[in-house]
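Written out below as structure tokens is the structure these notes cover.
The values are calculated or read from the model by the stated rules, or taken from the named source; none is laboratory data. Keep in mind the model is a prediction, meaning the values are calculated, not measured. Ideal geometry is used to build each Cβ from the backbone, glycine not excepted, and the neighbour counts take in all protein chains shown.
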């Protein structure tokens, strides 16, 4: 399976989850390393764009295509299994606890979750500490300039 991640160039060669652990996010609390990826390039872009403005738009983004092995252990969550406010911003502690438990239990390499940014789309969270993680590889990396029309004021 191929998943996508949009990231700054200086972080594009590593898959670690360290960045997510610095601040916490929807599916992890601060201190928990997790790798956020998406089912498409467009969703990966949308997941990043919601946090940016034209004034602060960096010019050094890269799109990564990441290969997850076909035998990867995957757990899927659907929106019906989540609290009714799971998709709100800022993220709620309940979703962070779900992601933290996924990382600490070490049962699955991937957690498939609904996107809060694009209803109906899917994100894939990868556990960088799982025994199968060494098989996860970047298969493609390319510069990704944002179309500034996305950020009209």
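Observations on the model:
- Filtered by the rule that a residue be more than 17 Å from the chain's Cα centre (by Cα) and within 16 Å of residue 16 (Cα to Cα), region 96-121 gives 104, 106.
- Selection of region 88-108 for residues being modelled with pLDDT of 95 or more and under 24 Å from residue 42 (Cβ atoms) yields 95, 99.
- Total residues in region 90-110, condition more than 12 Å from residue 27 (Cα to Cα), assigned to a loop (DSSP other than H, G, I, E, B) and out of contact with any strand residue (DSSP E or B) (no Cβ under 6 Å at 6 or more places or on another chain): 3
- Search result, residues across region 122-146 that are modelled with pLDDT under 95 and either over 23 Å from residue 8 (Cα atoms) or assigned to a loop (DSSP other than H, G, I, E, B) (or both): 144, 145, 146
- Within region 111-121, the set of residues being assigned to a strand (DSSP E or B) and surrounded by fewer than 21 Cβ atoms within 10 Å (Cβ to Cβ) comprises 112, 114.
- Filter result for residue 149 (modelled with pLDDT of 95 or more, out of contact with any helix residue (DSSP H, G or I) (no Cβ under 6 Å at 6 or more places or on another chain) and over 16 Å from residue 34 (Cα atoms)): no
- Candidates 124, 133 - the one that is surrounded by 13 or more Cβ atoms within 10 Å (Cβ to Cβ) and over 14 Å from the mean Cα position of the chain (by Cα): 133
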